[in-house]
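Values in this text are rule-based calculations from the coordinates and carry no lab data. Just so you know, these numbers come straight off a predicted model, no measurement behind them. Using ideal geometry, Cβ is built from the backbone for each residue, glycine included, and neighbour counts are taken over all protein chains shown.
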Amino acid sequence: MKNLKAQFKLIIYFFIFLNTCNIVLAKNLDKFSRAGDISSYFSGILSLNNNQYEKSYSYLKSLNNLENNHYNYARYYLYSLVTLNKLKDAANYSKKLNDKEIDNFESNLISAVYHIKNNDFEDASFYLKELRKKIQIDSIQDLLSTSLNAWANFRNISNLNEGLNSLNLIPERFNNIKNIQITFAHCYFNSSKTDKIFKDLTLNQDINFSRYQFFHTNYLISKKKEKKTIATLKNTLDQFPRNLMLNQLKLDLEKNKEFKNEFDCKKPADVVAEIFYVVSNALAKQKNYVASNFYLSLAKYLNPNFVSFNTLHAENLFFIQEYEEAKKIYIKIKKKGKEYN
């Protein structure tokens, strides 16, 4: 039954492809010199949509340079590379697309992320400008473009107000994500209001911002406010006694161990990683696991020392019935501390 379903989907993709091709693209079908090439292309798309990333990568990789003739191929291939954590390969391929002047939103996003990770903000800004040119009618793309551009340019900004002005360009429908970033901006610029801004965010009665109790506590630790840290952590755990991040943080503090979730608001890579996590989480709730895993992989690349990113990844794999892959991640999480175990 599954084979019949797969074959049926493949036929649908094939007819959609034929119906949407214009005359120029139809000529470019000559690129598919063998029937197997056509099969590999559509099998790659089908595998990607079925969250079978290894298969998708294998099929699409065999069609080297197809991006010259078929624009969407590059996007599918990049999704496969990133979700398999082949970020270096994805960055190299993205540069190849840029050199050929056939870059797209995803390729510029990956290039920008790669340079942010390596603290090369000048090159990151170049790709973010290119990224802006490729935005389609997609509010998430607008959110990411505006957010990343702001954080990549914070090094050139001398005060908090300028930073807040750049974040105010975030589309209105994303006010909650904007408020999270405003809080991190106060932290980044050493604002005297940072503690209060964190409190205002986490005490919001309309939205559950309990996750950011961890970031508030983490901020207090960085400022060596021991008494306030303990009091805030205790009060938060009274409200959210099952919060894994906070329970593990409490355990780490008591035993003077290294923290299992590393985050520094002064590192743009860490903040951008959290932005990707928020987007990924929202997409997962919409059951768009392909896009969710793509952005989550970027988050994990930027901040691999934030264990809690893995919890969402494992959940995504569980819900798409990739149980063995989910189990591998859960086993890794178990080793990160008693509370996670």
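Highest mean first, how do 269-280, 49-60, 310-321 rank when packing is the count of other Cβ atoms within 10 Å averaged over residues? Numbers along the way, then the final one.
Details: 269-280: 22.8, 49-60: 19.6, 310-321: 17.9.
Packing order, densest peptide first, comes out as 269-280, 49-60, 310-321.
Straight-line reach from Lys328: which aspartates and glutamates have a Cα under 15 Å away, not including same-chain ones fewer than 8 places off?
Glu315
Can you tell me the 0 to 90 degree angle between the C-alpha axis of helix 139-153 and the longest principal axis of the chain, rounded to 10?
60
When the chain is modelled as a GNM with alpha-carbon springs shorter than 10 Å, which of Leu251, Leu46, Leu78 fluctuates the most?
Leu251
Could you run the Debye sum over the Cα atoms of the chain, one equal point scatterer each and no solvent, and tell me log10 of I(q)/I(0) at q = 0.06, 0.09, 0.11 Å⁻¹, two decimals?
So the normalised log intensities are -0.25, -0.54, -0.79.
Would you grab the residues whose amide H sits under 5 Å from the one on Phe306? Only those 5+ places off in sequence or on another chain, please, with H modelled 1.01 Å from N.
When sequence neighbours closer than 5 places are left aside, the close amide H contacts are Glu262.
If you average the alpha carbon positions of segment 126-200 and of segment 283-338, how far apart do those two centres end up, in angstrom?
Cα centroid of segment 126-200 versus Cα centroid of segment 283-338: 25 Å apart.
Restricting attention to segment 215-265, which trypsin sites (Lys or Arg not before Pro) occupy a DSSP loop and are surrounded by at most 12 other Cβ atoms within 10 Å? Don't jump to the answer; show the numbers that get you there.
Details: sites: Lys223, Lys224, Lys225, Lys227, Lys228, Lys234, Arg242, Lys250, Lys255, Lys257, Lys260; in loops: Lys223, Lys224, Lys225, Arg242, Lys255, Lys257, Lys260.
Listed in order of number, the matching sites are Lys224, Arg242, Lys255, Lys257.
Strictly over 24 Å apart at the Cα level, which of Lys117/Lys178; Lys88/Lys129; Lys227/Lys300; Lys129/Lys199 would you flag in this model? Could the numbers behind the result be given before it?
Details: Lys117/Lys178 22 Å; Lys88/Lys129 21 Å; Lys227/Lys300 32 Å; Lys129/Lys199 35 Å.
In this structure, Lys227/Lys300; Lys129/Lys199 exceed 24 Å between Cα atoms.
Can you give the calculated 222 nm mean residue ellipticity of the chain, where each DSSP H run of n ≥ 4 adds -39,500 (n - 2.57) and the sum is split over every residue, rounded to the nearest 500 deg cm²/dmol?
Numbers: 19 runs with 238 residues, N = 341.
Counting only the DSSP helices, I get -22000 deg cm²/dmol.
Check cross-link reach from Lys338 to the lysines: straight Cα distance under 16 Å, and skip same-chain residues fewer than eight apart.
Lys250, Lys255, Lys257, Lys260
For segment 72-84, in order, what is each residue's ³J(HN,Hα) by Karplus, 6.51 cos²θ - 1.76 cosθ + 1.60 with θ = phi - 60°, in whole Hz (x at glycine and Pro)?
So the J values, rounded to whole Hz, are 5, 4, 4, 5, 5, 5, 5, 4, 5, 4, 5, 5, 9.
Over the chain, with a Gaussian network built from C-alpha contacts below 10 Å, which listed residue (Leu237, Leu143, Leu109) shows the highest mean-square fluctuation?
It is Leu237.
Can you tally the net charge around Lys327? Count Lys and Arg as +1, Asp and Glu as -1, for every other residue whose Cβ sits under 13 Å from the Cβ of Lys327.
On the way: positive: Lys328, Lys332, Lys334; negative: Glu315, Glu322, Glu324, Glu325.
Around Lys327, the charge tally is -1.
Placing unit charges on C-beta atoms (Lys and Arg positive, Asp and Glu negative, everything else neutral), compute the dipole magnitude of the chain about its Cα centre in debye, rounded to 20. Each step should come with its number before you reach the end.
Working: 49 positive and 34 negative charges, 185 e Å.
I would put it at about 880 debye.
Please build a GNM for the chain, connecting alpha carbons under 10 Å apart, and tell me which residue among Phe306, Phe174, Phe105 fluctuates the most.
Evaluated over the chain, the most mobile residue of the options is Phe174.
Count the net charge of all other residues whose Cβ sits under 12 Å from the Cβ of Phe318, scoring Lys and Arg as +1 and Asp and Glu as -1. Let's see the in-between values first.
Values: positive: Lys327, Lys328; negative: Glu315, Glu322, Glu324, Glu325.
Residues close to Phe318 contribute a combined charge of -2.
Sort Ser308, Ser297 so that the residue with the fewest other Cβ atoms within 10 Å of its own Cβ comes first and the one with the most comes last.
Ser308, Ser297
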